[in-house]
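Values quoted throughout were computed directly from the atomic coordinates according to the rules given, and no laboratory measurement underlies them. What you see is a predicted model, and the numbers here were worked out from it, not measured in a lab. When we count neighbours, we look across all protein chains shown, and the Cβ atoms used for this are built from the backbone with ideal geometry, even at glycine.
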Amino acid sequence: MRLGPDTPLPASVQVPAYDRAAQAAGIVHIGIGAFHRGHQAVYTDDVMNAGDRDWGIIGVSLRSGNVAAQLNPQDGLYTVSTRSTAGTDLRLIGAVQRVLVAADDPQAVIDAIAAPTTHVVSFTVTEKGYLRGPCGALDQAAARGPSSLYRFVGAGLAARHASGLPGLTLLSCDNLAGNGAVLRALMRQYLAAAHPDLVDWFNTECRCAATMIDRIVPATTDADLAAIATEIGVRDEGAVVTEGFSQWVIEDDFAGPRPRWEAVGVELVADIAPYETVKLRMLNGAHSALAYIGLGRGHHFVHQAVADPEIRPVIERLMRNEAAPTIDAAPGQDLAAYADALLDRFANPALNHRLIQIAMDGSQKVPQRWLETLAWHQARGARCPSLDAAITAWINFLRSDHPIDDPLGEKLREAAAGPDAMAKLFGESGLIASEWRPETAG
């Protein structure tokens, strides 16, 4: 049997306290993978549990129908399993109403964005989903493609404008430095080419608030699904497994109505830069280093890699001595305590977070996770032994038999193959744009 709205669940499972059928959908989320379901959708479920109304989520998958096949037969319901050394907590999430597959029904996606009840369109499409070219500008050819977020958002905004509806808040929830400003600039470039009559309206009526998101959500395994089915008595094909820690910081810049996320733990701030920089350089930078160094030493999971006595000191030095000095912390941010907490989170044996999952899309992640830190130290005549080791491990990964899941996969493998790999990857005409130059960094 499959999970559904009439499924009796054990008393230990927290269930929605609101009438799901009475809620309008106020959010369209593009890229509804496990991370969104274990993070932003949980906060939105909390908001409706606290009394907010009409913030149901319509999920959008741009290409694959997998999530739709998981959730739609379950009326959008799924469980979140929070795992720690103390045990497991299960809750049922009701915020997602349905999932649309853009490849199957593009007009339904446009209609959802254009609906009068929609106020927020959010995104978790990974770094590569923003379709930036080598210099950071929008790849216009890709942006007009069938699976481009710009195509659907642009058409939805055009329909809203034609109907006299107000603009939207566009909320990037991806690991991009200045993700709000990046999305705003790319969206303007797309509209200037595809919908030039919308540019002024977009500038006036829409907002692209920046965000910082933090929660470890590994890919759900068959073993996870089997364990959850045993606990709740039915099969939940959309189940998500995560850690207890969760953080969401949002720039307080909205075009119109929004959920009262601040009532359930979200931080609304004027400037998220310190928060995102800490996460990108300390957490994400350490994660990528763990992935490539750990895979090179034969490990499969994060908790195995961080327990390796040859790896842990490298990761500690990366966070404390290399990344932390480059960060202008916000008032109250304790970077030493943050590093301590990260090491504890990485070591959680209840989460099987696969290193190969973190290793994907290195060309999109390395610049902001490692190279900005390297450039900061290089400008001061200093070196970063841990990040040097991480870059060496990435090159070795590109030379290995591991599959390379990356938009520049073949180019990366070719560049890494020869003795001049550093120059081909990071030199002035290399594949990876950066202020850092390897000639003087080792």
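Of the peptides 39-52, 329-342, how do they stack up when ordered by the mean number of other Cβ atoms within 10 Å, highest first?
Ranked by mean Cβ neighbours within 10 Å, highest first: 39-52, 329-342.
For the pair residue 49 and residue 341, how long in nm is the line joining their label points, each one 7 Å along Cα→Cβ?
According to this spin-label approximation, the distance is 2.0 nm.
In the chain, which helices (entire DSSP H runs) extend 18 Å or more along their own long axis, judged by Cα positions, while averaging at least 0.0 on the Kyte-Doolittle scale?
Answer set is 149-163, 179-194, 385-399.
Restricting to DSSP H runs of at least four residues, report the calculated mean residue ellipticity at 222 nm for the chain, -39500 (n - 2.57) per run over all residues, nearest 500 deg cm²/dmol.
-10500 deg cm²/dmol
Pick the calculated log10 I(q)/I(0) by the Debye sum over Cα atoms at q = 0.08, 0.09, 0.13, 0.14 Å⁻¹ for this structure from [x] -0.46, -0.58, -1.25, -1.42; [y] -0.64, -0.72, -1.08, -1.20; [z] -0.58, -0.72, -1.29, -1.40?
Among [x] -0.46, -0.58, -1.25, -1.42; [y] -0.64, -0.72, -1.08, -1.20; [z] -0.58, -0.72, -1.29, -1.40, the one calculated here is [x].
Over the chain, what relative contact order in percent results from Cα pairs under 8 Å that are six or more residues apart?
Relative contact order for the chain comes out at 14 percent.
In which sequence would 12, 147, 386, 81 go, from the one with the fewest C-beta neighbours within 10 Å to the one with the most?
Ordered by Cβ neighbours within 10 Å, fewest first: 12, 147, 81, 386.
What's the magnitude of the charge dipole for the chain around its Cα centre, counting Lys and Arg as +1 and Asp and Glu as -1 at the beta-carbon? Answer in Debye, nearest 20.
Roughly 480 debye, rounded to the nearest 20.
Work out the charge dipole of the chain with +1 on the Cβ of Lys and Arg and -1 on the Cβ of Asp and Glu about the Cα centre, then indicate which of 359, 94, 255 is farthest towards its positive end.
It is 359.
If you count, for each residue, the other Cβ atoms within 10 Å and average over each peptide, how do 106-114, 316-324 line up from highest to lowest?
So the peptides 106-114, 316-324, ranked by packing, come out 316-324, 106-114.
Assuming R0 = 35 Å, can you tell me the calculated FRET efficiency for the pair residue 137 and residue 6, based on Cβ-Cβ distance, to the nearest 0.05?
That gives a FRET efficiency of 0.10.
Could you calculate the FRET efficiency of residue 17 with residue 321 from 1/(1 + (r/R0)^6), where r is the beta carbon distance between them and R0 is 56 Å, rounded to 0.05?
Computed FRET efficiency for residue 17 and residue 321: 0.75.
So between residue 162 and residue 433, what do we pick up on full extension, going 0.36 nm a residue minus the alpha carbon distance?
Contour length minus the Cα-Cα distance gives 93.6 nm.
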